[in-house]
Amino acid sequence: MTTTSTGLRSRAAEYALLPLRLFLGITFVYAGLDKLTDAAFLSATGDGSIGQQMEAVRDSAALPALVELSSQSPVALGMAMALGELAVGLGALAGLLTRIAALGGALISLSLWLTVSWQTTPYYYGNDLVYLVAWLPLILAGAPALSLDALLHRRRARRPSGSRRAGSGRPNRAAPSPS
């Protein structure tokens, strides 16, 4: 194997998660914006409302008690879901706090799978389980390329070892030298 092919493989591995990150980021930003701009969705009752959707899945959900509890404030749940999807999507797109954003995306997907998609048969027709699994590589690996996380990591790595610790106002103490 040549050095060039080793370099290409290394570079490809570095960028391997970028398409997944872009897809999930765009999808979750779109989902959040779609909910925020849909007056029918952000209503407690009526066609297309979050309240109606919760009523429709309550008895078939894996966790009907969770749906029942959420039904107490459907508009607040809808708003939290939309803002959560938007934050997760923007975090994934920017590659900022990527592992945390991916964990948020996985938790949203898990909650949707256990409520909305639970009754889908066979299970592979429901997309929420697929989104849940798709977030896992980003939880594990983060965003190593074209991300704010990578930029911040490079900046921290370039700091001289004797530089001040962030927020402490004191220089880092090296091990005492033998006298």
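A few notes on this one:
- Relative contact order computed over the chain (Cα-Cα under 8 Å; 6+ residues apart), in percent: 22 percent
- Helix-only CD estimate at 222 nm, as mean residue ellipticity for the chain, using -39500 (n - 2.57) per DSSP H run (n ≥ 4): -20000 deg cm²/dmol
- Two-site FRET efficiency, Glu68 against Leu140, from Cβ-Cβ distance with R₀ of 41 Å, rounded to 0.05: 0.75
- Bins of 5 Å, starting at 0 and running to the largest distance - Cα pair percent for the chain: 1, 8, 12, 15, 14, 12, 9, 8, 6, 5, 4, 3, 1, 1, 0, 0
- Cα-based shape type of the stretch 42-134, given that a ≥ b ≥ c are square roots of the gyration tensor eigenvalues and the cut on a/c is 1.5: oblate
- Gained length - Leu151 relative to Leu90, 0.36 nm times residue gap less alpha-carbon distance: 20.3 nm
- With the highest mean first, a sort of the peptides 100-108, 73-81, 32-40 on other beta-carbon atoms found within 10 angstrom per residue produces 100-108, 73-81, 32-40.
- Taking 0.36 nm per residue of sequence separation and removing the Cα-Cα distance, the Tyr125/Thr6 pair yields an extension gain of 38.9 nm.
- Inter-part distance where the stretch 35-64 and the stretch 105-149 are each reduced to a Cα centre, Å: 20 Å
- Fully extended contour minus Cα-Cα distance, from Asp47 to Arg158, at 0.36 nm per residue: 34.4 nm
Every number here is computed from the coordinates shown, using simple stated rules; none is lab data. Remember, it's a predicted structure, so these values are computed and weren't measured experimentally. Positions of Cβ are backbone-derived with ideal geometry, glycine not excepted, and every protein chain shown enters the neighbour counts.
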